[in-house]
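Once you've had a glance at the structure underneath, I'll fire off some questions.
The values are calculated or read from the model by the stated rules, or taken from the named source; none is laboratory data. Please read these numbers as outputs of a predicted model, since none were measured by experiment. A quick note on method: Cβ atoms are made from the backbone with ideal geometry, for glycine too, and the neighbour counts reach across all protein chains shown. Heads up: the accessible areas ignore ligands, DNA and RNA and are worked out on the full protein's heavy atoms, side chains in. Shrake-Rupley method; radii C 1.70, N 1.55, O 1.52, S 1.80 Å.
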Amino acid sequence: MITKFLGRVFSGRMFKSAKPRIIPVAEHGISRERIGSCALRTCDALQEAGYSAFVVGGAVRDLILGRTPKDFDVATNATPEEVRGIFRRSRIIGRRFRIVHVLCGRDLVEVTTFRGPADVTDTSHQVEDEHGRLLRDNVWGDQSQDAARRDFTINALFYDPAREEVWDYHGGVADLKSKKLRIIGDPEQRYREDPVRMLRAARFAASCGLEMDAATRKPVKALAPLLANVPAARLFDEMLKLLLCGHAAECVKRLRKEGLHHGLLPMLDVILEQPMGERFVMLALKNTDTRIRTGKTISPAFLFAALLWHEVLAAWKKHQARGMPPVPALHEAMDGVLDQQTEQLAIPRRYSSDMKELWIMQPRFEQRAGQRPYRLLEQPRFRAAYDFLLLRCESGEVEKSLGDWWTSFQDADADARATMLVADSAPAKKRRKRRRRKPADAAPAAE
Ligand code: ATP
Ligand code: MG
């Protein structure tokens with residue numbers, strides 16, 4: 001097989017093939033029942049066909065930490081085409097990394113072929129930019145080479161479900177037990193190859209409660225600017241992982257500590273420095289973390305809307321100060337903030353329209369008279385916008401009484417609602433008069 005042949009060529013000619021420490025179940029403590037059934041079936045089928053197959057990466061790390069993995073990846077010495085040939089319901093995806101998605105019912109497992117370092121004389125499989133960043137990486141290798149090109153020791157663990165063994169090439173199990181985050185290989189070179197590893201370091205340190213090893217940490221501050229060369233879409237994916245890992249508040253603190261937040265989320269530098277902005281962002285992150293940890297769904301659009309809200313507020317104020325009426329000023333502010341962020345972080349369009357909707361609805365919460373509150377309640381995104389309002393109240397940006405009013409109004413029956421409106425009718429009348437005089441300030445555009 002070509003994989004085996006290449007593995008032999010590389011290991012014999014250019015690289016030493018390291019030996020793993022094989023750790024028995026009594027020591028690693030992972031019970032087979034905790035492996036997802038799709039991953040088990042995938043490993044079984046590959047092994048039956050004569051290949052080696054292991055659950056790898058984050059799932060093994062999480063199981064050793066006693067956590068429930070969110071997904072399972074499998075690594076094998078079969079090439080993508082060979083894997084594709086074994087599983088009827090599978091497809092090859094990716095360019096930078098070619099991998100196979102194997103489907104079992106609605107479950108999906110990612111199968112990757114062991115990768116090795118490229119033959120330096122052959123540039124057709126591995127391409128790097130002028131900073132040493134790898135642009136493509138599809139050179140097959142053996143298992144020890146695959147372990148060596150993974151990012152951290154704790155992510156380079158292979159679990160064989162048939163033998164219930166963990167194969168550990170870099171001391172990842174010991175690092176997990178002693179709560180150390182260690183990059184594999186020369187830290188500077190590994191960050192240059194892929195600057196995203198610096199963000200991943202912050203994420204794993206924060207989310208797994210690990211201490212960054214001194215050598216792993218040292219080059220980060222100096223190399224942080226290399227993140228500017230990473231394509232925006234990839235940064236966005238990694239930021240999303242960070243924000244949705246259930247420990248976002250800790251991760252963001254860690255990003256700041258390592259000097260990685262500059263230019264990454266442009267607003268983050270500014271916002272975190274303002275007390276009100278920091279309070280709001282941290283509340284939004286903690287709120288997201290709690291939802292994720294209690295198994296509730298969360299919408300990335302909500303989170304990004306929250307992260308950018310104070311940026312929008314500042315721009316909104318600025319445009320109004322220049323004489324623009326509130327509603328057009330809000331639109332101008334939203335567009336400006338989104339344009340800037342889309343460029344840097346590639347926030348996908350589908351999120352930006354949801355974000356705008358959340359923002360546009362905020363001033364409408366101030367209007368508590370006549371038919372308007374009823375119309376707001378009927379908006380499909382009311383619930384999210386209301387949650388957003390509560391965050392604003394909690395952070396001290398708006399009066400708590402406004403959030404309380406909406407909490408009561410939603411749950412009240414028709415009569416009680418009418419009473420609440422009546423109580424608010426005097427300011428409403430004033431508002432109507434004012435609107436007749438100043439049409440430009442009329443109903444917000446979203447209505
Ligand atoms: P998560 O639980 O967030 O999915 P993970 O460790 O599984 O964490 P993935 O991004 O899913 O992270 O990547 C799967 C595995 O691929 C990692 O465990 C690691 O071994 C390897 N890997 C991912 N990204 C990199 C990278 N940038 N450099 C080297 N190895 C990487
Ligand atoms: Mg993963």
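Binning at 10 angstrom from zero up to the longest distance, how are the C-alpha pair distances of segment 274-414 distributed in percent?
Histogram of Cα-Cα distances, whole percents per bin: 11, 39, 39, 10, 1.
FRET efficiency for residue 189 and residue 276, Cβ-Cβ distance as r, R0 = 51 Å, nearest 0.05?
The computed FRET efficiency comes out at 0.75.
Report, in listed order, any pair from 296/317; 218/356; 19/296; 356/400 with a Cα-Cα distance greater than 32 Å.
Beyond 32 Å between Cα atoms: 296/317; 218/356; 19/296.
From the convex hull of the Cα coordinates of segment 36-79, what is the mean projected area in square nanometres?
Over all viewing directions, segment 36-79 projects a mean Cα-hull area of 3.0 nm².
Mind grabbing the accessible area of residue 250 for me, 1.4 Å probe, Å², rounded to tens?
Using a 1.4 Å probe on the heavy atoms, I get roughly 90 Å².
Run the numbers for residue 214 and residue 296: contour at 0.36 nm per residue of separation, minus the present Cα-Cα distance, in nm.
Extending this stretch completely gives an extra 25.9 nm.
Provide the per-residue ³J(HN,Hα) series for segment 159-176, in order, calculated from phi with Karplus coefficients 6.51, -1.76, 1.60 and θ = phi - 60°, each as a whole number of Hz, with x at glycine and proline positions.
Working through the residues one at a time gives 10, 9, x, 5, 9, 6, 10, 9, 9, 10, 8, 10, x, x, 5, 4, 4, 4 Hz.
Still on this model: Along the Cα→Cβ direction, 7 angstrom out, place labels at residue 340 and residue 32. What is the inter-label distance in nm?
5.7 nm
So for the pair residue 221, residue 234, with labels modelled 7 Å out along Cα→Cβ, what separation do we get in nm?
Using points 7 Å along Cα→Cβ, the separation is 2.6 nm.
Order 163, 98, most accessible first, counting only protein heavy atoms with a 1.4 angstrom probe.
Largest accessible area first, the residues go 163, 98.
Give me the mean projected area, in nm² to one decimal, of the convex hull enclosing the Cα positions of segment 69-110.
Averaging across all directions leaves 3.3 nm² for the Cα convex hull.
Computed FRET efficiency, Cβ-Cβ of residue 71 and residue 179, R0 25 Å: what is it to the nearest 0.05?
That gives a FRET efficiency of 0.60.
Can you give the FRET efficiency to the nearest 0.05 for residue 93 and residue 377, using r as the Cβ-Cβ distance and R₀ = 41 Å?
0.45
List the residues whose amide H sits under 5 Å from the amide H of residue 140, counting only those 5 or more places along or on another chain, with H placed 1.01 Å from N in the peptide plane.
When sequence neighbours closer than 5 places are left aside, the close amide H contacts are 116.
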